[in-house]
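Worksheet: the structure to be examined is printed underneath.
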There are 2 protein chains.
Amino acid sequence: MSQTRIVLDQSEIPTHWYNIAADLKNPPSPPLGPDGKPVGPEQMLAIFPGPILEQEMSAERWIKIPDEVRQIYALWRPSPLCRAVRLEQMLGTPAKIFYKYEGVSPSGSHKPNSAVPQAYLNKIAGTQQLLTETGAGQWGSSLAFAGQMFGLPVKIFMVKVSYDQKPYRRLMMQTFGGEVVASPSNQTKTGRDILAADPDNQGSLGIAISEAVEATVTTPGSKYTLGSVLNHVLLHQTIVGQEAKKQFEKFGEYPDMIFAPCGGGSNFAGVSFPFLGDAAAGDKRAQKIRFVAVEPASCPTLTKGVYAYDYGDATGFTPLMKMYTLGHDFMPPGIHAGGLRYHGDSPLVSQLYNEKLIEAVAVPQTATFEAGVMFARAEGIIPAPESAHGIRACIDEALRCKASGEPKTLFFNLSGHGHFDMTAYESYFGGKLQDFEYPAEAIQASLARLPKVG
Amino acid sequence: MSQTRIVLDQSEIPTHWYNIAADLKNPPSPPLGPDGKPVGPEQMLAIFPGPILEQEMSAERWIKIPDEVRQIYALWRPSPLCRAVRLEQMLGTPAKIFYKYEGVSPSGSHKPNSAVPQAYLNKIAGTQQLLTETGAGQWGSSLAFAGQMFGLPVKIFMVKVSYDQKPYRRLMMQTFGGEVVASPSNQTKTGRDILAADPDNQGSLGIAISEAVEATVTTPGSKYTLGSVLNHVLLHQTIVGQEAKKQFEKFGEYPDMIFAPCGGGSNFAGVSFPFLGDAAAGDKRAQKIRFVAVEPASCPTLTKGVYAYDYGDATGFTPLMKMYTLGHDFMPPGIHAGGLRYHGDSPLVSQLYNEKLIEAVAVPQTATFEAGVMFARAEGIIPAPESAHGIRACIDEALRCKASGEPKTLFFNLSGHGHFDMTAYESYFGGKLQDFEYPAEAIQASLARLPKVG
């Protein structure tokens with residue numbers, strides 16, 4: 001029986017995160033305030049603690065992972081690297097297909113890789129409560145777990161419609177000890193104003209962000225956390241790609257192409273940045289890798305957006321960030337069930353894309369769920385819809401290899417399982433999903449509302 | 001960082017299952033027909049294929065695991081053996097606590113350990129379709145996965161109330177390619193008769209079994225499968241305990257006590273039989289292990305039942321089996337949310353209990369969910385309610401160790417995760433669960449309806 005899965009020993013958990021900011025060709029564009037001037041640390045310190053901000057702005061190439069964080073990582077890390085032999089056979093491709101499986105984590109995705117250090121760094125900075133928002137609940141459940149690990153209370157503003165209709169993730173947060181509040185809530189002025197005008201308001205991610213940030217600045221000892229987009233979040237995720245490098249070495253293989261879903265960018269960054277770092281350091285093999293960020297055709301940020309300063313949130317509350325964006329008030333259609341709904345993208349990923357170090361592709365949603373089902377039936381893991389985007393792009397390449405006869409080595413990050421997303425699969429099986437490509441004029445319209453900078 | 005998890009290499013997947021029938025002190029009591037005479041193989045062949053029956057009745061100590069089965073096992077096996085250091089710290093106990101985690105499997109429990117060989121043995125015997133029933137869906141989803149692995153269609157009769165109210169497991173079965181039918185259905189005479197009399201009938205496990213068996217005997221090429229109780233199912237599960245032995249060796253530890261939930265018995269058998277085999281072979285350390293089967297106080301088969309011949313199902317359709325039973329029409333109260341609802345127990349486990357080679361304990365349900373939440377908050381895994389029974393008993397022992405100062409080594413089988421059972425946790429958090437101990441007279445009443453044999 002040939003080996004199809006490499007699981008490292010706990011002692012092989014990487015000791016440092018890799019910070020790609022140290023290897024960028026051009027300096028990153030700073031976040032800007034409403035006045036068009038760079039946001040100073042003092043403004044950021046109102047919502048983030050010092051040790052987090054230090055990482056956010058660091059130019060050090062390697063940042064030590066605290067022992068306390070590695071000990072919690074060890075509850076599930078290193079995660080396995082697997083060869084999808086049965087999927088290869090199903091496709092009849094000469095390509096070799098590998099995947100890193102992050103669904104083994106407590107919340108079932110890659111998100112705890114950043115939630116744990118964020119909770120730890122807040123703990124040592126004296127933070128007494130963590131606040132955040134969550135839509136479907138991936139980030140909220142990861143932070144609830146992480147807070148519990150360090151005895152730090154976590155309050156999560158959860159979009160009301162998800163709170164009511166997706167109770168399973170809410171219950172996961174509660175089981176991990178998190179306090180979950182349906183948003184809009186009576187706990188903030190933002191929430192109270194909205195409920196006064198519309199008692200039946202079902203909430204939105206924008207409202208939940210506003211509530212979480214308001215609660216942070218009005219509650220002494222509280223800090224805010226974010227599960228993607230920002231530099232320190234992407235930094236923490238590099239543990240994924242570093243483990244994968246060791247595992248490929250043990251397999252005696254090396255990837256020709258790397259695929260990962262890309263919404264805010266933390267999943268893509270986690271698996272690709274360490275290889276990009278090798279490329280920057282002169283590694284010839286790494287320089288040949290093609291890095292493919294995969295996004296939904298319903299929210300085609302990299303493939304159809306522009307590289308410009310825009311707000312990080314829908315309501316214009318956050319600083320302006322230089323990134324690929326579809327416009328901060330862009331909303332994917334209701335028919336879109338696959339996640340990755342963010343209008344923008346991480347500034348780091350955006351810069352790499354702008355400098356043509358990485359590629360991007362948009363995939364339609366029915367084909368994405370089709371790929372998810374194929375993978376489940378071949379490999380026995382039901383992927384999260386987000387993760388299925390990476391699988392789709394990888395399968396498409398494997399089929400191109402079948403046509404051309406090329407035995408490429410393909411690698412994707414399976415960022416999570418779909419145990420809490422089965423209703424999206426139900427929509428797919430029931431024929432209720434459609435493909436939707438955003439009309440160019442709709443994107444032009446939201447882009448026309450980009451903030452004017454400088 | 002000291003090691004807290006041992007993951008074996010795929011090449012270390014055991015090559016044989018251990019058959020405890022070879023080591024029983026007394027010959028097992030055969031299944032009996034309605035006439036009180038042993039059931040012959042020809043009757044069993046109507047619903048099970050030859051290779052399965054061969055295993056069911058084998059007295060060989062070691063039975064080879066086919067390579068094709070080991071290859072599918074390798075998708076998730078060997079499963080990890082972990083030390084619950086954070087749980088030990090939370091309890092402040094001098095005991096060491098270890099658990100084997102079977103939730104890494106495709107369906108999230110130990111059930112595929114038997115579903116995969118059952119599908120394979122049916123495939124090589126020429127079976128064209130597998131039929132089964134499922135309540136909450138653990139077994140159904142495992143068999144759907146296993147059938148898919150060998151290209152064997154699987155039809156699952158799912159109790160209607162679960163089909164309607166617990167769509168997530170149904171969707172998992174469908175994603176793995178299984179056909180799921182709400183029972184009672186129009187596909188069998190049993191179902192049609194029930195629906196004719198009561199179109200809104202919500203179904204029961206007894207009805208679903210009857211439908212699956214009727215469909216088997218009336219559909220050429222079909223065979224029936226069962227996920228617990230029978231000898232061959234327990235045989236397949238011994239892969240768990242065999243792996244654990246290797247892993248304990250690498251840890252340099254050895255268990256003083258082994259805990260596992262016990263409903264039909266497959267989970268308990270899987271983790272304990274290989275150690276019982278060592279004890280039978282004269283291993284002094286193994287002879288000192290205390291084996292504890294843990295059952296719910298709401299369905300106390302071993303602790304409150306009698307050792308007698310009874311039907312395997314509620315309606316008296318199956319052969320009579322010698323086992324601990326509360327009476328075949330015993331029903332745990334509706335308030336019971338923790339699974340393990342079977343009125344009887346595996347004949348093999350029953351015989352071992354009767355011969356005092358193993359112990360049993362019943363735990364109340366609120367304490368069981370409390371243990372599940374403690375474990376989740378310590379170790380980051382939300383256990384299935386069934387699995388939480390074993391955790392409860394283990395925690396109780398760890399607390400006794402705390403009082404006595406004894407540094408015992410405790411081991412339990414974490415048979416699955418609770419991702420599809422979050423509504424049971426919701427009932428617990430909402431204070432809707434009560435403890436229920438069955439009144440002795442109620443048990444006496446159902447025992448009075450035991451069939452008269454001989």
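Using DSSP to define loop residues, name the GluC sites (Glu not before Pro) in the range A:349-454 whose beta-carbon has at most 14 other beta-carbon atoms within 10 Å.
Numbers: sites: A:E355, A:E359, A:E370, A:E379, A:E386, A:E397, A:E426, A:E437, A:E441; in loops: A:E355, A:E437.
In loop regions of the range A:349-454 (DSSP not H, G, I, E or B), the sparsely surrounded GluC sites (Glu not before Pro) are A:E355, A:E437.
A:H16 label points, 7 Å along Cα→Cβ, one per copy: pairwise distances from this copy to the rest in nm, shortest first?
5.1
Note down the net charge around B:K189, summing +1 for each Lys or Arg and -1 for each Asp or Glu among other residues with Cβ under 10 Å from its Cβ.
-2
Stokes-Einstein diffusion coefficient for the range A:1-154 at 20 °C in a medium of 1.002 mPa s, Rh from the Kirkwood formula over Cα pairs: what value in µm²/s?
In µm²/s, the coefficient is 118.
With +1 on each Lys and Arg Cβ and -1 on each Asp and Glu Cβ, and nothing else charged, work out how big the dipole of the protein assembly as shown is about its Cα centre, in Debye to the nearest 20.
For this selection, approximately 1200 debye.
Compute from the Cα atoms of the protein assembly as shown the Rg and the Dmax, the latter being the longest Cα-Cα distance, and quote both in angstrom.
In order Rg, Dmax, the Cα atoms of the protein assembly as shown give 27.8, 96 Å.
Defining a contact as two alpha carbons under 8 Å apart and six or more residues distant in sequence, what relative contact order in percent does the range B:1-141 show?
27 percent
Sorting A:D313, B:D310, B:D283 on the 10 Å Cβ count, fewest up front, what's the list?
Starting with the residue having the fewest Cβ neighbours, the order is B:D283, A:D313, B:D310.
Let me check against my output: what whole-number percent is the relative contact order of chain B, with C-alpha pairs under 8 Å and at least 6 apart?
Rounded, it is 18 percent for chain B.
Give the range of the longest stretch in chain A that excludes all trypsin sites (Lys or Arg not before Pro) found in loop regions by DSSP and having at most 14 other beta-carbon atoms within 10 Å. Show your work: numbers first, answer last.
Details: sites that count: A:K25, A:K356, A:K432, A:R449, A:K452.
With a cap of 14 other Cβ atoms within 10 Å, the longest stretch comes to A:26-355.
Dipole magnitude of the range B:128-220 about its Cα centre, charges +1 at Lys/Arg Cβ and -1 at Asp/Glu Cβ only, in debye to the nearest 20?
Value, rounded to 20: 220 debye.
So what's the back-of-envelope 222 nm ellipticity for chain A, counting only DSSP H runs of four-plus at -39500 (n - 2.57) apiece and dividing by all residues, rounded to 500?
-12500 deg cm²/dmol
From zero up to wherever the largest Cα-Cα distance of the range B:128-220 sits, split into 10 Å bins and tell me the percent of pairs in each.
So the P(r) values, bin by bin, are 20, 51, 26, 2.
Please rank B:L91, A:L410, fewest neighbouring Cβ atoms within 10 Å first, as an exposure proxy.
B:L91, A:L410
Anything over 18 Å Cα to Cα? Flag those among A:K223/A:K322; B:K250/B:K288; A:K25/A:K322; A:K288/A:K356, in the order listed.
A:K223/A:K322; B:K250/B:K288
Tell me the Kirkwood hydrodynamic radius of the range B:168-251 in angstroms, computed as one over the mean inverse distance between distinct C-alpha pairs.
One over the average 1/r among Cα pairs gives 15.7 Å for the range B:168-251.
Considering only B:P80, B:A279, A:H336, whose Cα is most displaced toward the positive end of the charge dipole of the protein assembly as shown, charges sitting on Cβ of Lys, Arg (+1) and Asp, Glu (-1)?
B:A279
I need A:W139, A:W62, A:W76 ordered by Cβ neighbour count within 10 Å, fewest first.
Starting with the residue having the fewest Cβ neighbours, the order is A:W62, A:W76, A:W139.
List the distances, in nm and shortest first, from the label point of B:P94 to the matching label points in every other copy, placing each point 7 Å from Cα along the Cα-to-Cβ direction.
6.6
Lys/Arg Cβ at +1, Asp/Glu Cβ at -1, dipole of chain B taken about the Cα centre: which of B:G241, B:A21, B:S210 is farthest positive-ward?
B:G241
For the range B:128-220, build the charge dipole from Cβ charges (+1 Lys, Arg; -1 Asp, Glu) around the Cα centre, then report which of B:G140, B:F150, B:G178 sits farthest towards its positive end.
Highest projection toward the positive end goes to B:F150.
Starting from the Cα of B:Q3, step 7 Å toward the Cβ, then list every residue of the range B:58-93 with an amide N under 12 Å from that point.
Within reach of a label on B:Q3: B:81-83.
Which of rounded, prolate or oblate describes chain A when judged by the alpha-carbon gyration tensor and an a/c cut-off of 1.5?
rounded
What does the net charge come to around A:A46 if you take all other residues with beta carbon closer than 13 Å to its beta carbon, with K and R at +1 and D and E at -1?
-1
Over the whole of A:68-75, what's the average partner chain Cβ count within 10 Å per residue? Rounded to a whole number, please.
3
Mind checking the dipole of chain B: about its Cα centre, +1 per Lys or Arg Cβ, -1 per Asp or Glu Cβ, Debye to the nearest 20?
720 debye
What value in Å³ per residue do you get for the convex hull of the alpha-carbon atoms in the range B:175-219?
Cα-based convex hull of the range B:175-219, divided per residue, equals 81 Å³.
In whole angstrom, how far apart do the alpha carbon centroids of the range A:208-251 and the range A:18-60 sit?
Measuring centre to centre over Cα atoms gives 14 Å.
Compute for the range A:81-237: radius of gyration divided by Kirkwood radius, i.e. Rg/Rh, restricted to C-alpha atoms, rounded to two decimals.
With Rg and the Kirkwood Rh in hand, the quotient comes to 1.09.
Taking beta carbons within 10 Å but only from partner chains, what does the mean come to for residues B:159-172?
So the per-residue partner count for this stretch is 2.
Given B:K64/B:K160; A:K245/B:K96; B:K64/B:K111; A:K100/B:K402; B:K123/B:K452, which pairs have Cα atoms separated by over 29 Å?
With Cα atoms farther than 29 Å apart: B:K64/B:K160; A:K245/B:K96; A:K100/B:K402; B:K123/B:K452.
List the distances, in nm to one decimal, from the label point of B:D193 to the label points of the same position in every other copy, shortest first, placing each label point 7 Å from Cα along the Cα-to-Cβ direction.
From this label point to the equivalent ones elsewhere in the assembly: 6.8 nm.
Every number here is computed from the coordinates shown, using simple stated rules; none is lab data. Computed from a predicted structure; not experimentally measured. A quick note on method: Cβ atoms are made from the backbone with ideal geometry, for glycine too, and the neighbour counts reach across all protein chains shown.
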